[in-house]
Structures are given as C-alpha cells and as structure tokens.
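The structure appears right after this line, and notes come after that.
The values are calculated or read from the model by the stated rules, or taken from the named source; none is laboratory data. The model shown is predicted, which means the values in this text are computed figures rather than measured ones. Neighbour counts are summed over all protein chains in view; Cβ atoms, including those assigned to glycine, are modelled from backbone coordinates with ideal geometry.
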Amino acid sequence: MAIESINPATGKLLRQFEPLTDEAARQKIAVAAEAFRTYALIPIEHRALWMRKLASILDNELDDLSTLITLEMGKPIEASRYEILKCADACRYYAEHAARILAPESIPTEHNHSYVRWDPLGVVLAVMPWNFPFWQVFRFLAPALMAGNVAVLKHAPNVPQCALAIEALVRRAGFPRGTFQSLFLDVQQVETILGDDRIVAVTVTGSEAAGRAIGAQAGWLIKKSVLELGGSDPFIVMPSADLDLAIETAIRARCVNSGQSCIAAKRFIVADEIYDAFESRFVAGMEAIRVGDPMKPEVQVGPLVTAHAVDLLEEQVKAATRVGARILTGGERMLGAGNYFEPTVITGIPRNSAVYREELFGPVAMLFRAQDLNEAIEIANDTPFGLGASAWTRDPAEQQRLVAELQCGGVFLNTMVASDPRLPFGGIKRSGYGRELSAAGMREFLNAKTVVIASAGSTHEAVSKPYLVATADTLQTR
C-alpha cells in the first residue's frame, strides 16, 4: 500500500511513496551498522560541530520547514514554527552538554580506581508519530547521535515528507552517511526490522496499541525499549490559584496542537468553591478559539490529522452524551472541506463510563467538580495513564501534597505541562516507561559499563574479599 501525504486542511493528495521491500530495508540497516563502527569512535567535539550546524540549518530554513509540517499534518503555522525552533534548541543543548553527561563517573571503592563509562549501543530503531513530526524525532535524534549511536526512523505514514526532510538535514549538517536514515515501512514490516540482529534497541512514541506490540516483541528479543504513549493529563485548579491565569492557560493547554498532544491537558478538575466561575469563563474562552486555515497566523486550532481522527473523536463525544454527560459548547464536526472539529467542553461524565478512561485526541475538554484537594487528587489519579499533570494553587501545603501524590511522570505547578531538553520526559502506568531528554534520556541507549582497576599485587585481595562478602550473605559470587 502506498504511503500518502495528504493535506488535512483540504483533503488533497500532496505526494505518495512506495514502502521499502524487506530486502531494501535490510540493506539500509547494513549501511547503519557499518556507519556505527566508525561513527562511535569519532571525537565528541566533532559530533558537537555537526549538531550545532544542524541547529543553524533549522533556524535558517524555519519558514520552509514549518510550512512542510503544516501542509502534512495541519498544525497551525505558528505552532509549526515553534516546533522547529525547539528542535534547534535541543540540538544546541546536547552539543553543549553531551561531554558532561557522557563523562566517566568515578566511584570510590577499595580498589585503585573504579568508574562507570557510557558506551553507545549501536543501531536504534525509532518509531515516531505524526503530531509533532519534527520534535518527536529530534528529541531522540539529538541525544542519540551525540552519544555515538546511529538510528533508523520509521515515521508515521502520513508525514513522509517530514521524514525525508529530517534525513536530508542530518546529512547536510555533516553527519556521516548511514548515521540517520528514514525508512518507508508498512506497519507489518516493523516486526521484521526489529527482529534484525543489527537493531539493538527501539524507542516508540505513539499509541498504546503500538507500544504494547513493539514493547512485547522487544522484550521477547531482549532488546532495550523506551515507550512514550498516551496521556489523559489532569489540570487541577484550587481556590488559591490565580484564576485569570489558570483559565487562560487551561484553554491554551487543551488546544495546543489542535488538541492532538499526549501532554495536552484533557481533564479539568476544579474545586467546588470556584467551579462555577471557572466553567463559565472556560466555556467562553473555548468558544472564542479561532478555527480555520492553519496557514493563517491568527488561527489557533487547525484540522485534525485525518478524517478517521474526526470520526473517532465524534464517536467519543456521542458516547459521553449517551451515558449522561452534557455538552456545554461544541460537540460537532465542522462542515465543509478538511478534518475540522469544534472546540468542545463536556461535563458530568460518569467515572464508571468507558469514555472517562479514554484519551480524547482533539480540542475536547472534560470538566470535573472536586469537593476538596483529596477528591481532586483522587480524580486525577483515577486514570490508566500517567504522563503529566498541571496543578494550580498558591498554598505551599497543597503544592507539597500534589507533588508527592499525583501519579505521573511530571508535575507542573502553576504552569502548563511541556517538554524541555533539560528535564527528563516520560510517564508511568499505561503512558509507558523510560525517559527522553536530559541526561536520563541520553543514557537510555547507552551501556553503563563498570570498570574496576585493582592496585598492583592485589590478586589475593580481589579474589578473597568478594568471597568473604558472598559467604556472609550466603550468595554466589558473580
């Protein structure tokens, strides 16, 4: 089946590509494996030069690259520009900090010298989604290449031109042939590619179904995997919050990327004391959102990525009303060309309903009333997901409880959830495992190699001490 690039704002076919045969894919993996043999030995200073050049190209070609994003997946053009600039920031961050992150870590022991060194693993497969077609790739690409790994990318089938552009950017920046390649693959081919012995690990950002399938295979193959999957992030507002700022941010947090973001706020949990004021102003704000042609800079919400995405969101909203939820605004697909859905607010969703536990991937917000902080935390944690949480309160005691008790990968107090190259990013529960970004993300695909150097003439000491410890603990020496 052809891989098609379709403009979601018009439904028109832009370009189409044929997927690689299995043999052609194996040939590209062979090129990557050969590249790793020499690339891993290149001094980090040289990699940093290429990474800084990559950042410069992204900056210089901002208009063309952001236009490509908007054409292929419908993101408002201003959001596309921000995405490209964020990719450049990530490149600069790892160019500047990789040497520190990768430096050997000395650990005092009874031996002459003990330390941990960080070695690259080899060829890593990246399976990436369409919603941030550059950023999702670059937040893996920048640390992976700076660490000495090489990568092959299986991008989402609806953003093939973005995939090709990223590969071309990496080569133009000076990185050697084979260090980063985009593979046009059918979904069914991922199993074959992951099963190739030259692929040492896999990182997946995408749906829960994709994470289950690829994570299961990686586990069976005993290959390292990192999964960043869905989210149903809570946005908690308590009485002491700056209500004006909280409402303004809530609208932005729900509609970021036209609502198609794993870390977009989706469940708004508001204290009873301020609920009515929040609801009326939040609904008015959602009604004022500008929906339309994503190429226009004033537009805040563009089309959803595919017609199927609109169908799914429409069915989820209808399912909510069937079990007693009320639509406060929106709730319908928009007529005419393109995959548009009205900004929507729903309240009264029963906590025992199926839709309550699903991720709504579009500009649809769910409102919940909480009697106190205890109930707010209970509602926030009552989800199979655990990616991020935004909580709004100026009470220090409430802040401490929220940080300690919310079950998620990141808690953001009095601001919206966002990824940052300096901070670990990832989730728990069915939002996945492992981390991206920061030192933690860089080290996910590195071998923490322990090195112990005994002092001269210490043969007896090196053998006898582990034996004595093992005897005391009734454990076998390894």
Inset, instruction - Determine the pairs where a residue that is at positive phi, located within the range 144-158, has a partner that is surrounded by fewer than 24 Cβ atoms within 10 Å (Cβ to Cβ) with Cβ atoms under 7 Å apart, the partner being 6 or more residues away or on another chain. - result: 148/39; 148/40; 148/120
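Condition check ((1) at pLDDT 95 or above; (2) small (Gly, Ala, Ser); (3) assigned to a helix (DSSP H, G or I); (4) within 26 Å of residue 207 (Cβ to Cβ)) across all residues:
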{"residue": "45", "(1), (2), (3), (4)": "yes, no, yes, no"}
{"residue": "48", "(1), (2), (3), (4)": "yes, yes, yes, no"}
{"residue": "81", "(1), (2), (3), (4)": "yes, no, yes, no"}
{"residue": "90", "(1), (2), (3), (4)": "yes, yes, yes, yes"}
{"residue": "101", "(1), (2), (3), (4)": "yes, no, yes, no"}
{"residue": "144", "(1), (2), (3), (4)": "yes, yes, yes, yes"}
Inset, instruction - Give 45, 78, 61 a once-over and let me know the one that is in the same structural domain as residue 172 (by TED's automatic domain parsing), among the acidic types (Asp, Glu) and within 18 Å of residue 168 (Cα to Cα). - result: 61
Inset, instruction - May I ask you to list the residues in the range 183-212 that are in a loop (DSSP other than H, G, I, E, B) and more than 21 Å from residue 445 (Cβ to Cβ)? - result: 184, 186, 187, 188, 207
Inset, instruction - Could you tell me whether any residue of the range 314-335 is hydroxyl-bearing (Ser, Thr, Tyr), touching a Lys or Arg at 6+ places or on another chain (Cβ under 6 Å), modelled with pLDDT of 95 or more and in a strand (DSSP E or B)? - result: no
Inset, instruction - Tell me, yes or no, whether the range 308-319 has at least one residue that is farther than 25 Å from residue 75 by Cα, buried (at least 18 other Cβ atoms within 10 Å of the Cβ) and in contact with a Leu (Cβ under 6 Å, 6 or more places away or on another chain). - result: no
Inset, instruction - Quick one: which residue in 448, 404 is within 30 Å of residue 109 (Cα to Cα), out of contact with any His (no Cβ under 7 Å at 6 or more places or on another chain), surrounded by fewer than 15 Cβ atoms within 10 Å (Cβ to Cβ) and at pLDDT 95 or above? - result: 448
Inset, instruction - Could you tell me whether the range 279-288 includes any residue that is free of Cβ contacts under 8 Å to residues at least 60 places away in the same chain, at negative phi, out of contact with any Phe, Trp or Tyr (no Cβ under 8 Å at 6 or more places or on another chain) and buried (at least 18 other Cβ atoms within 10 Å of the Cβ)? - result: yes
Inset, instruction - Give the residues of the range 358-392 that are charged (D, E, K, R) and touching a residue at least 60 places away in the same chain (Cβ under 8 Å), sorted by residue number. - result: 358, 359, 369, 372
Legend entry - Residue pairs meeting the criteria (Cβ under 9 Å; at least 6 apart or on separate chains; first among the polar types (S, T, N, Q), in the range 80-95; second surrounded by fewer than 21 Cβ atoms within 10 Å (Cβ to Cβ) and part of a helix (DSSP H, G or I)): 80/67
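Do the conditions hold for residue 296, that is, is it farther than 22 Å from residue 13 by Cβ and free of Cβ contacts under 8 Å to residues at least 12 places away in the same chain? I'd like the intermediate steps shown before the answer.
Values: farther than 22 Å from residue 13 by Cβ: yes; free of Cβ contacts under 8 Å to residues at least 12 places away in the same chain: no.
No, not satisfied.
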